[in-house]
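The values are calculated or read from the model by the stated rules, or taken from the named source; none is laboratory data. Remember, predicted model here, so these are calculated numbers, not experimental data. Please note: Cβ atoms are built from the backbone with ideal geometry, for glycine as well, and neighbour counts cover all protein chains shown. Please note that ligands, DNA and RNA were not included when accessible areas were found on the heavy atoms of the full protein model with its side chains. Shrake-Rupley method; radii C 1.70, N 1.55, O 1.52, S 1.80 Å.
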Amino acid sequence: MWRAELALLFRRTRTQALLGVLALVPIVVASAVRFSGGGAQPGEGPQFLDQLTHNGVFAALVGLTVTLPFFLPLAVAVVAGDAIAGEANLGTLRYLLTRPYGRTRLLLHKGAVLVAFCVIATCVVAIAGIIAGAILFPIGPVTTLSGTTLSLTAGTIRIFAAAAVVGGSLLGLAAIGLFISTLTDAPVGAMAATAGIAVLSGVLDAIPQLHAIHPWLLTHYWLTFGDLLRSPVRWTAITKNLLLQAGYMLVFITAAWARFTTKDVLA
Amino acid sequence: MQTDPMNLAPDAPADDALAIRTTGLTKRFGGTAVVDDLNLQVPTGSVFGFLGPNGSGKTTTIRMLLGLVNPSAGSVRLLGRSMPEAANRVLPNVGTLVEGPAFYPWLSGRRNLTRIDAAGPDPLRTTRADRVDAALAQVGLSAAADKRYRAYSLGMRQRLGLAAALLRPRSLLILDEPTNGMDPQGTREIRNLIRAVAADGATVLLCSHLLSEVEQVCTHAAIITLGRLVAQGPLESLRETTTTRVTVETDDTERAAAVLERLGLMQIAVAGALVSAALDSQRPEDCCKALVLADVGVRSFVSRRPSLEDTYVELTGEGFDVAR
Ligand SMILES: Nc1ncnc2c1ncn2[C@@H]1O[C@H](COP(=O)(O)OP(=O)(O)O)[C@@H](O)[C@H]1O
Ligand SMILES: [Mg+2]
């Protein structure tokens, strides 16, 4: 049954448009670098940009770096905020529940679809990046951040592992969005609130005086996915990130469940 | 799957005769009781009209019946089991149309039905396509099945909503204003559909403000106003709560009124050349004869059986304003 939820989401023009925009980002960045002539110097521009001219597959990593602060959380906020509030707004929620589609079951399926969306969205960025990179630049063995070299296959596997980790970084936000989505019948409000929380987290993370709370912020470890491109892989920050996201999921999915299974469905 | 210990209670056999039974059902929003101590009893196999002015609490009641809204007090038994505890067992046998149809605008009618069908607890995937086609044909939507719901007219949307309610064999149909926005043919088809479903043995709860609709298809009815039940029972007995009135058109209203009064008629009213009065136990033909014998010039004599409308207006008031 959750496959039907998945089909519903991906058949929607809005979802396709979101994924289209995400795919466009690495293509635009790679084209810009290619046609402006000069590559970037190390330390200049987004993470991995300096490597792009030597190896096209890095367009995937640049794409992930560039979409992570804004486009990806926005896409997740749209899909998560819509999860329950969108059904309520259309009125379909009352018909799903009287089929009956148990409330817990519906919430779990919506959650599963969100997880799938997070991973699919990041993979779309990675795939679009690799394709654009392969067309515009030479590709070959991947030089890691530690200076060692991986075969193209091993490097590509690392890149998809990075995409998966970025997808995992978004799960906390997705859970928050799902919870907010159970609070209202107005999907746009839920989307805006969810996106607002991602932005707020980023802002707080940038204020040095608040360093005590930084390790608990949703977005704190987001850009650490680059550690996968070290040799050997440096797992510390990635593990912390995934544990933090799991914690957010536990709290907010429980809250969403408590709210959704008891609320009056009036829409 | 939940067990339902209530079903073993001594009152269980009596419940079989009732498809819907609410006891003291109450819903308060803020301070106001929108549904107030409602004891609704819908006999199994009946076509039951649930009548009430706008805002009287019909939809809220239906939401409580279906477990969408938690009652503030009271209980609901649907098909002999208590709701919402037994929702997973009861609801697969209940088709619903609550406060208008609702579908995904970006999917076709067919895809919408397919999704709704798949949301059930027992998907029966292999026969899904046939079931969806049959439901579409039943409401006359086969030709528009592959258009997006966005492009449907109000009446087509309503039809699709009914198709969703009829996707599977149901022992109870709960329809909230099913003919809203439909053309006259559509309205008639819905009536026929309801009759056909009822003939197959299903119970139908038809929520409506259209009295004629209820009069034409229902065997029973309940009238609700301001959240309170003011009458329920077989249609005949509801009509009888209001008396038959006779109306005489005459040039001598004074004498006519006197004759009717002498016969013991009540609520005598004179308006222009018309005198009307409520029969108690007198037969209309005797009244007419008495008038003629008393030399009243009778231009016309009408005896009107009360319609459901009379009962309805008497119980809910004439006012046009939404009660609250
Ligand atoms: N969510 C709500 N909050 C407060 N009042 C509500 C809510 N939903 C409905 N009502 C009120 O409950 C009353 C009954 O509404 P409803 O059951 O929809 O009536 P009906 O279906 O008979 O027209 C109305 O006065 C309406 O304003
Ligand atoms: Mg209503």
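Some observations on this one:
- So B:Arg195, is it basic (Lys, Arg) and either part of a loop (DSSP other than H, G, I, E, B) or open to solvent by less than 60 Å² (accessible area, probe 1.4 Å) (or both): no
- Residues of segment A:41-86 satisfying the condition of being out of contact with any helix residue (DSSP H, G or I) (no Cβ under 8 Å at 6 or more places or on another chain) and acidic (Asp, Glu): A:Asp50
- Test for B:Ser171: is it of a type outside the set (Lys, Arg), farther than 27 Å from B:Leu66 by Cα and in the same structural domain as B:Leu206 (by TED's automatic domain parsing): no
- Conditions (1) open to solvent by 60 Å² or more (accessible area, probe 1.4 Å); (2) of a type outside the set (Asp, Glu); (3) away from ligand 1 (no atom under 16 Å from the Cβ): number failed by B:Ser46: (1)
- Scan of segment A:74-111 for residues that are among the hydroxyl-bearing types (Ser, Thr, Tyr) and either facing chain B (nearest Cβ under 7 Å) or buried (at least 23 other Cβ atoms within 10 Å of the Cβ) (or both), ordered by number: A:Thr92, A:Tyr95, A:Thr98, A:Tyr101
- The lone criterion from (1) open to solvent by 20 Å² or more (accessible area, probe 1.4 Å); (2) away from ligand 1 (no atom under 16 Å from the Cβ); (3) touching a residue at least 24 places away in the same chain (Cβ under 8 Å) left unmet by B:Arg125 is number (3).
- Taken together, the residues in segment B:207-228 that are in a strand (DSSP E or B), surrounded by 23 or more Cβ atoms within 10 Å (Cβ to Cβ) and within 13 Å of ligand 1 (Cβ to nearest atom) amount to 4.
- Tally, over segment B:95-114, of residues that are facing chain A (nearest Cβ under 7 Å) and buried (at least 22 other Cβ atoms within 10 Å of the Cβ): 4
- Considering segment B:50-160, the qualifying strands (runs of 3 or more DSSP E), each wholly inside and each with 1 or more residues that are more than 16 Å from ligand 2 (Cβ to nearest atom), within 25 Å of the chain's Cα centre (by Cα) and more than 27 Å from B:Gln216 (Cβ to Cβ), run over B:73-78, B:81-83.
- Within segment B:112-150, being over 21 Å from A:Ala7 (Cα atoms) and out of contact with any helix residue (DSSP H, G or I) (no Cβ under 7 Å at 6 or more places or on another chain) holds for B:Ala134, B:Ala137, B:Ala143.
- Scan of segment A:135-170 for residues that are more than 14 Å from A:Leu61 (Cβ to Cβ), touching a helix residue (DSSP H, G or I) at 6+ places or on another chain (Cβ under 9 Å), small (Gly, Ala, Ser) and open to solvent by 20 Å² or more (accessible area, probe 1.4 Å), ordered by number: A:Ser146
- Selection of segment A:227-248 for residues being part of a loop (DSSP other than H, G, I, E, B) and not polar (S, T, N, Q) yields A:Arg230, A:Pro232, A:Val233, A:Arg234, A:Trp235.
- Pairing each residue of segment B:87-107 that is hydroxyl-bearing (Ser, Thr, Tyr) with any residue that is not in a helix (DSSP H, G or I), provided the two are 6+ apart or on different chains, yields C-beta distances under 7 Å for B:Thr96/A:Thr98; B:Thr96/B:Leu66; B:Thr96/B:Ile174.
- Segment A:112-127, subset of a type in the set (Gly, Ala, Ser) and surrounded by fewer than 24 Cβ atoms within 10 Å (Cβ to Cβ), residue farthest from the chain's Cα centre (by Cα): A:Ala112
- Selection within segment B:76-93 - of a type in the set (Val, Ile, Thr) and modelled with pLDDT under 90: none
- Residue check, B:Pro121 away from chain A (no Cβ under 14 Å), modelled with pLDDT under 90 and under 23 Å from B:Leu65 (Cβ atoms): no
- Top-ranked residue in segment B:54-71 [being more than 10 Å from ligand 1 (Cβ to nearest atom) and in contact (Cβ under 8 Å) with a residue 24 or more places away in the chain; ranked as most open to solvent (accessible area, probe 1.4 Å)]: B:Pro71
- Scanning segment A:50-73 for residues that are open to solvent by less than 10 Å² (accessible area, probe 1.4 Å) and either among the hydroxyl-bearing types (Ser, Thr, Tyr) or in contact with a Lys or Arg (Cβ under 6 Å, 6 or more places away or on another chain) (or both) yields one hit, A:Thr67.
- Restricting segment B:148-180 to residues that are more than 17 Å from A:Thr98 (Cα to Cα) and basic (Lys, Arg), the residue that is most open to solvent (accessible area, probe 1.4 Å) is B:Arg150.
- Residue in segment B:233-255 that is free of Cβ contacts under 8 Å to residues at least 40 places away in the same chain, over 30 Å from B:Ala19 (Cβ atoms) and out of contact with any Asp or Glu (no Cβ under 8 Å at 6 or more places or on another chain) present: yes
- Among the residues of segment B:23-38, those identified as open to solvent by 20 Å² or more (accessible area, probe 1.4 Å) and either more than 12 Å from ligand 1 (Cβ to nearest atom) or part of a strand (DSSP E or B) (or both) are B:Thr23, B:Arg28, B:Phe29, B:Thr32, B:Ala33, B:Val34, B:Asp36, B:Asp37.
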